Structures are given as C-alpha cells and as structure tokens.
1. Pick from the stretch A:70-86 the residues that are in a helix (DSSP H, G or I) and more than 9 Å from every other protein chain (Cβ to nearest Cβ): which of them is surrounded by the most Cβ atoms within 10 Å (Cβ to Cβ)?
2. Looking at A:34, A:46, A:14, which one is more than 15 Å from the chain's Cα centre (by Cα) and at pLDDT 90 or above?
3. Counting only residues that are farther than 21 Å from residue A:31 by Cβ and at the interface with chain A (Cβ under 7 Å from one of its Cβ atoms), how many does the stretch B:25-42 have?
4. Pairs under 6 Å by beta carbon, first residue more than 9 Å from every other protein chain (Cβ to nearest Cβ) and touching a residue at least 40 places away in the same chain (Cβ under 8 Å) in the stretch A:1-26, partner crowded, with 16+ Cβ neighbours inside 10 Å and assigned to a helix (DSSP H, G or I), six or more apart or different chains?
5. Just give me the residues in the stretch B:54-100 being in a strand (DSSP E or B) and facing chain A (nearest Cβ under 7 Å), in sequence order.
6. Taking the stretch B:1-17 as the region of interest, how many residues are more than 7 Å from chain A (Cβ to nearest Cβ) and surrounded by fewer than 23 Cβ atoms within 10 Å (Cβ to Cβ)?
7. Given the options A:204, A:180, A:162, A:209, name the one that is surrounded by 12 or more Cβ atoms within 10 Å (Cβ to Cβ), within 11 Å of chain B (Cβ to nearest Cβ), at pLDDT below 85 and closer than 30 Å to residue B:80 by Cα.
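The values are calculated or read from the model by the stated rules, or taken from the named source; none is laboratory data. Quick caveat, the model's predicted, so the values are computed rather than measured. FYI the Cβ positions are ideal-geometry reconstructions off the backbone, even for glycines, and counts take in every protein chain you see.
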C-alpha cells in the first residue's frame with residue numbers, strides 16, 4: 001500500500017479508537033460503554049492490520065469483540081444493571097482522575113519522543129552512560145580497537161527513529177505461519193503453562209460464580 | 001511513514017484513558033472494561049516495537065507472541081472477574097464499588 005495512505009489511515013483509526021475509548025468512560029449506561037468498547041477494539045484491530053500484524057488483528061476481533069464483549073453484555077443483561085446516577089463527589093473524582101491520567105499520558109509521550117535515535121531528541125540516559133564509560137576507561141576506549149568497536153556497536157542508535165522498516169510483501173501472507181513457528185518452537189513450554197492458566201481461570205470462575213447451598 | 005513514537009504515544013494515551021476510567025467510574029463492570037482497554041494499549045506498543053526491531057522485512061515475532069499471551073490471559077481474567085462481579089451482586093445487590101466498604105467501617 002502507498003505509505004502516505006497507510007499513515008493517514010493510522011491517524012484516522014487512532015483518532016477513532018481514542019474517541020470511542022473516551023466514550024467508554026463518559027457514557028453512563030453500561031451497555032453503551034460495552035458497545036463503545038467493541039468499537040474501540042475494532043479500530044485497534046484495524047491498526048494491527050495496518051501495522052502488518054494480521055493474525056493479531058484477527059485474534060483481537062475474535063477474542064475481544066467476539067468473546068469478551070459478548071460475555072460482558074451477558075452479565076449486564078443478567079444482573080439488570082442500572083445506569084449510574086449523579087452521585088456526590090463524582091466531579092472531584094473526575095478532576096483528580098483526569099489530572100493523574102493526563103500526567104501519565106504526558107510522561108509516556110515524552111519518553112516516546114526521547115527514544116534513542118528518534119528525531120527531535122535523544123535519550124538522556126544514553127548520553128549519560130556514554131560519558132560515564134569514556135570517563136572510567138578512556139585508555140581502553142582509545143587504544144584497544146576491539147573495545148572501541150564494541151562500544152560503537154553498543155552506542156549505535158537503535159532503529160527507533162524515522163519511519164518503521166517496511167515489510168517484505170512476499171512474507172506478509174505468512175504472518176500466521178511465522179508466528180506459529182515461533183510460538184510452537186521457542187515458547188512451547190510457555191504455551192503449555194498458558195493452557196494451565198486458562199484452565200485455572202475456568203475452574204476459578206465456576207467455583208466463585210456458583211450459588212452456595214444454604215445447608 | 002509513521003514513526004514508532006506515534007504508535008507509542010497512541011498506546012500511552014489509550015492506556016491513560018483506561019487508567020482514568022478505573023479511577024473515575026463506580027460501576028465495577030465498567031472498571032473491568034477499562035482494564036481490558038489498558039491491556040490492549042500494551043498490545044499496541046508491543047506490535048510497534050516488533051515492527052521497529054524487524055530485520056529484512058520480517059517483524060520480530062517474540063513481541064507478537066507476547067501480545068498473543070496477553071490476549072489469552074485477558075480472557076481468563078475477564079472470566080474470573082465477571083464471576084467475582086456476579087458473586088458481589090449476590091452479596092451486595094449492586095455493582096457499585098462504593099458499596100464495598102466492609103473494611104472501612
């Protein structure tokens with residue numbers, strides 16, 4: 001795809017995802033919140049497709065929008081949840097919550113803009129370690145060619161600046177295959193443990209949710 | 001075209017919205033939804049890093065595997081969380097977090 005169109009689509013989907021995410025916490029009816037969350041997950045899945053992670057995008061739609069959201073809607077239907085009314089102290093809560101979340105977002109954004117190799121800023125920690133290393137071992141850094149080579153390889157900027165590396169169009173279709181190869185070779189034991197975690201979650205949900213007998 | 005930092009900023013803002021929701025909302029169901037939002041934001045940044053570290057047109061699949069694990073754990077978490085909410089509704093006749101005040105008084 002044309003990179004300009006791809007970038008435009010990313011910004012469009014990101015804006016839509018953020019708006020529907022705000023809808024989750026602003027809407028008072030829990031059913032509206034759940035539907036807004038489904039919309040948000042759909043847009044995030046579109047962003048995954050845009051980034052070339054097709055399998056994760058499909059999984060996002062099937063697992064989140066298909067399974068988890070339906071579970072949420074079932075529980076809302078079962079419990080007959082009323083929409084939240086204006087309770088006292090909600091405004092104070094909202095102001096504090098928005099302030100803390102805004103500070104968190106600003107912190108993450110400034111850290112993202114200062115990634116090593118990123119445009120318009122460099123990592124302060126990176127410069128600090130570099131100066132410290134040259135202070136501690138100036139002789140080794142200047143005389144030993146292998147050491148200076150090593151240092152150059154360490155302090156080379158990571159590929160975090162500029163545009164993301166383009167994907168090989170021939171390998172785009174093999175996304176699920178490559179992910180599965182990685183999953184079943186390097187992370188096989190982790191996958192088995194994950195299966196046990198799902199089993200434990202299943203048993204836990206049944207044991208917590210069952211109705212206790214009175215006797 | 002899009003640098004990695006824009007993906008990370010998007011993920012950070014999405015995480016912050018979820019975080020604000022867990023603090024502001026009283027309805028425990030909506031708090032659980034906001035937790036899901038935060039996990040999804042983490043997935044976005046993982047996929048972004050997998051693209052940025054990729055070589056020869058292939059992303060690093062370790063990060064995407066981790067994102068897949070996060071999705072599976074999120075499914076288990078929602079199952080247990082919703083069972084807890086049903087149990088809480090039986091005990092308290094409501095899903096407001098303000099009704100959970102046994103330790104307070």
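1. Of the stretch A:70-86, the ones in a helix (DSSP H, G or I) are A:70-79.
From what's left, more than 9 Å from every other protein chain (Cβ to nearest Cβ): A:70, A:73, A:77.
Numbers: A:70: 12, A:73: 15, A:77: 10.
Here the residue is A:73.
2. The match here is A:34.
3. Here the count works out to 0.
4. A:9/A:50
5. The initial filter retains those residues of the stretch B:54-100 that are in a strand (DSSP E or B), namely B:55, B:58, B:96.
Selection gives B:58 alone.
6. Residues flagged as more than 7 Å from chain A (Cβ to nearest Cβ) and surrounded by fewer than 23 Cβ atoms within 10 Å (Cβ to Cβ) within the stretch B:1-17 amount to 1.
7. Details: A:204 fails: at pLDDT below 85; A:180 fails: at pLDDT below 85; A:162 fails: closer than 30 Å to residue B:80 by Cα.
Sole residue among the options that is surrounded by 12 or more Cβ atoms within 10 Å (Cβ to Cβ), within 11 Å of chain B (Cβ to nearest Cβ), at pLDDT below 85 and closer than 30 Å to residue B:80 by Cα: A:209.
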